[in-house]
Amino acid sequence: MSVDVSESMLRFGVKTTPMHLSWDEILRVWEEADELPELDDAWLWDHLMPLAGPPGGAVLEGWTLLAALAARTTRLRLGLLVTSNRLRAPAHLGKIATTVDVVSGGRLVMGLGVGGTRQPAGPNPAVAEYAAYGFPLPGPAEGLARLRETITVLRRMWSEEVFDHDGPFTTLRGTRNGPGPVRPGGPPLLIGGWGDRTLRVVAEHADIWNVPGPPHNGVDWIAERGRVLDAHCEAIGRDPAGILRSAQIIVDYADPAGTRAHVRALAAAGVRHVVLALPRPYPGRAAGWLVEEIVTPIREEGL
């Protein structure tokens, strides 16, 4: 996926959420999508336990799975939508991501988010997940500060031969990262999130901004969040048009017309990249269905 936001054509990706699914089911979709040029990219998530359904159900670890899929595809841009910043130390994450970038021949998009944090109210699935795997759950301010530090470490790992780092949470000495990423400066950075403070980090650092769309969030809300991002960009002197706006939506196999309507509304709100998340179980030719029922009709409308 290029981050040339001057490109007017709407771009599409596919997302396979690796929850209650087998390796073979996920691989089937990715290999099919890799043969369909109408789909630009493919995505996984980054959780260690199911967020719905039986709690003991299958979940494959995101970056390990991504490496395997990178080795089985040749064209698709690929990434995690998005990496939880709390599950791996910054330099370790940089090494993992660089390895996947090399395996894929430079196709990685570095999707990154704050990860789980303590919330004042409401259900929080991160509590059980982090407790099960021994990760402390920080408050929102600490989570955001850790995200900033990780971005700094990643950028340095992808541009400097050797460096030291003294940060608020991480101390590094003599850090090297060979081989480096395929592209100078490393993969493009996608940041997922929507809070005011997170959008400031997007304005400062991201090439791509992603947010969940329908059915989780309405298009009007996404447009409002986009205006907050615009204001942050203007405050720091960055052209808001330099950030590719991306949203993910869950497709409805029974109502492709409704899914197309969501895509049109997102495009009208300034979104130029739509990730089509497939509900499980996957039908035969799931990626082909996306192209035939969603992507091609939308493209024929000139979007």
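Please treat every number below as a calculation from the coordinates, not as lab data. Fair warning: this is a prediction, and the values are worked out from it, not measured in the lab. Positions of Cβ are backbone-derived with ideal geometry, glycine not excepted, and every protein chain shown enters the neighbour counts.
Using a ≥ b ≥ c from the Cα gyration tensor of region 147-187 (square roots of the eigenvalues), is it rounded, prolate or oblate, where a/c under 1.5 gives rounded and otherwise the larger of a/b and b/c decides, a/b for prolate? Oblate shape, in that a/c is at least 1.5 and b/c is the bigger or equal ratio.
Take each of the peptides 272-283, 76-87, average the number of other beta-carbon atoms within 10 Å over its residues, and list them starting from the highest. Please report the intermediate quantities before stating the final value.
Values: 272-283: 18.1, 76-87: 24.3.
Highest-to-lowest ranking by the protection proxy: 76-87, 272-283.
Using a cut-off of 11 Å between beta-carbons, work out the net charge of the residues near Arg86 (Lys and Arg +1, Asp and Glu -1, Arg86 not included).
The answer is -1.
For region 129-211, run through the trypsin sites (Lys or Arg not before Pro) and keep only the ones in DSSP coil with at most 16 other Cβ atoms within 10 Å of their Cβ. Show your work: numbers first, answer last.
Working: sites: Arg146, Arg148, Arg155, Arg156, Arg173, Arg176, Arg197, Arg200; in loops: Arg176.
Sparse-neighbourhood loop trypsin sites (Lys or Arg not before Pro): Arg176.
Principal-axis analysis of the Cα atoms of the chain puts helix 256-268 at an angle of about 50° to the longest axis. Among the GluC sites (Glu not before Pro) in region 67-175, those placed in a DSSP loop whose Cβ has at most 16 other Cβ atoms within 10 Å are Glu160, Glu161.
Taken about its Cα centre, region 144-303 carries a charge dipole of roughly 320 debye when the Cβ of each Lys and Arg holds +1 and the Cβ of each Asp and Glu holds -1.
The per residue volume of the convex hull around the alpha-carbon atoms of the chain is 132 Å³.
Projecting the Cα atoms of Ile294, Pro136, Ala58 onto the dipole axis of the chain, where Lys and Arg carry +1 and Asp and Glu carry -1 at the beta carbon, places Pro136 farthest toward the positive end. Taking the Cβ of Trp221 as the centre, find all other residues whose Cβ is under 14 Å away and add up their charges (Lys, Arg: +1; Asp, Glu: -1). Neighbour charge sum, excluding Trp221 itself: 0. Taking Cβ atoms as reference points and 12 Å as the exclusive limit, the residues near Arg118 contribute a net charge of 0, counting Lys and Arg as +1 and Asp and Glu as -1. Extension gain, Ala261 to Ala241: 0.36 nm times the residue separation minus the Cα-Cα distance gives 4.8 nm.
Between amide H atoms placed 1.01 Å from N, distances below 5 Å from Ala42 occur with Val14, Arg77, Leu78, Gly79, all of them 5 or more places distant or on a separate chain. Choose one answer from Pro123, Pro215, Pro37: the residue with the largest mean-square fluctuation in a GNM of the chain with alpha-carbon springs under 10 Å. Residue with maximal mean-square fluctuation among Pro123, Pro215, Pro37: Pro123. Taken as Cα centroids, region 118-164 and region 260-303 sit 32 Å apart, rounded to the nearest whole angstrom. Summed over qualifying helices (DSSP H, 4 residues or more, each -39500 (n - 2.57)) and divided by its residue number, the chain shows a 222 nm mean residue ellipticity of -11500 deg cm²/dmol. If you take the Cα centroid of region 185-207 and the Cα centroid of region 50-67, the two points sit 25 Å apart. Shown in residue order for region 223-237 are the 3J(HN,Hα) couplings computed by the Karplus curve 6.51 cos²θ - 1.76 cosθ + 1.60 at θ = phi - 60°: 4, 5, 5, x, 5, 5, 4, 4, 5, 5, 4, 5, 5, 9, x Hz (x for Gly and Pro).
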